[in-house]
Amino acid sequence: MEYVQEVLAKFAKIEGRRSRVKRFVEVVTCAYCHGSGRDLKYGNASHCAVCGTTGKVKVTPPVVTCLRCSGSGRESGDLSCLVCRGTGVVSVRKEAATCPKCKGTGEEGIFYCNSCKGQGIA
């Protein structure tokens, strides 16, 4: 029964993720603070560790939504995502396509896919 729940949770995670369409933008709204420039857990006087106080983050286009944190910029509660560094997006090559090894899931067994570094795009 535990295995069935694990499989269902895995598919729910895959189905609930954001779109993986390449976007050609140079600035994105900070996913970690939702563009406010503040770390909301510590009050209005605190600065966001990802964007400082701007609410925006410069990125190298094209970008796709981070598969690891589903674009939230957070992992395990209040920690910033180690893959996207809290921005919610990762840069990819212009000719990048769905990873043939993991078929876009970013996972290979119980670990992340080495070919695409867990992003589902190679």
Return only the number of the condition from (1) touching a strand residue (DSSP E or B) at 6+ places or on another chain (Cβ under 9 Å); (2) part of a loop (DSSP other than H, G, I, E, B); (3) modelled with pLDDT of 85 or more that residue 34 does not satisfy.
(1)
If you scan the range 55-67, which residues turn out to be buried (at least 20 other Cβ atoms within 10 Å of the Cβ) and either in contact with a His (Cβ under 9 Å, 6 or more places away or on another chain) or part of a loop (DSSP other than H, G, I, E, B) (or both)?
66, 67
Restricted to the range 102-122, and to residues that are under 17 Å from residue 91 (Cβ atoms), in a loop (DSSP other than H, G, I, E, B) and hydrophobic (A, V, I, L, M, F, W, C), which residue is modelled with the highest pLDDT?
116
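Considering only residues that are farther than 12 Å from residue 29 by Cα and either in contact with a Lys or Arg (Cβ under 9 Å, 6 or more places away or on another chain) or not assigned by TED's automatic domain parsing to the domain that holds residue 30 (or both), which ones fall in the range 67-83?
Going through the range 67-83, the residues farther than 12 Å from residue 29 by Cα turn out to be 67-70, 74-83.
67, 70, 75, 78, 80, 81, 82, 83, listed by residue number.
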For the range 1-24 the number of residues that are over 16 Å from the mean Cα position of the chain (by Cα) and modelled with pLDDT of 90 or more is 1
Do we find that residue 121 is under 20 Å from residue 25 (Cα atoms) and outside the structural domain of residue 29 (by TED's automatic domain parsing) in this structure?
yes
Residues in the range 39-54: is at least one surrounded by fewer than 18 Cβ atoms within 10 Å (Cβ to Cβ), aliphatic (A, V, I, L, M), within 23 Å of residue 122 (Cβ to Cβ) and outside the structural domain of residue 118 (by TED's automatic domain parsing)?
no
Only one residue in 53, 65 is more than 20 Å from residue 21 (Cβ to Cβ) and β-branched (Val, Ile, Thr). Which one?
53
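Can you confirm whether residue 115 is in contact with a Lys or Arg (Cβ under 6 Å, 6 or more places away or on another chain), surrounded by 12 or more Cβ atoms within 10 Å (Cβ to Cβ) and free of Cβ contacts under 8 Å to residues at least 40 places away in the same chain? Break it down into steps so the answer makes sense when it comes.
Values: in contact with a Lys or Arg (Cβ under 6 Å, 6 or more places away or on another chain): yes; surrounded by 12 or more Cβ atoms within 10 Å (Cβ to Cβ): yes; free of Cβ contacts under 8 Å to residues at least 40 places away in the same chain: yes.
Answer is yes for this residue.
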Failed condition for residue 86, given (1) assigned by TED's automatic domain parsing to the domain that holds residue 22; (2) surrounded by fewer than 21 Cβ atoms within 10 Å (Cβ to Cβ); (3) small (Gly, Ala, Ser), with all others met?
(2)
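The values are calculated or read from the model by the stated rules, or taken from the named source; none is laboratory data. Please read these numbers as outputs of a predicted model, since none were measured by experiment. No Cβ is skipped: glycine too gets one built from the backbone with ideal geometry, and neighbour counts run over all protein chains shown.
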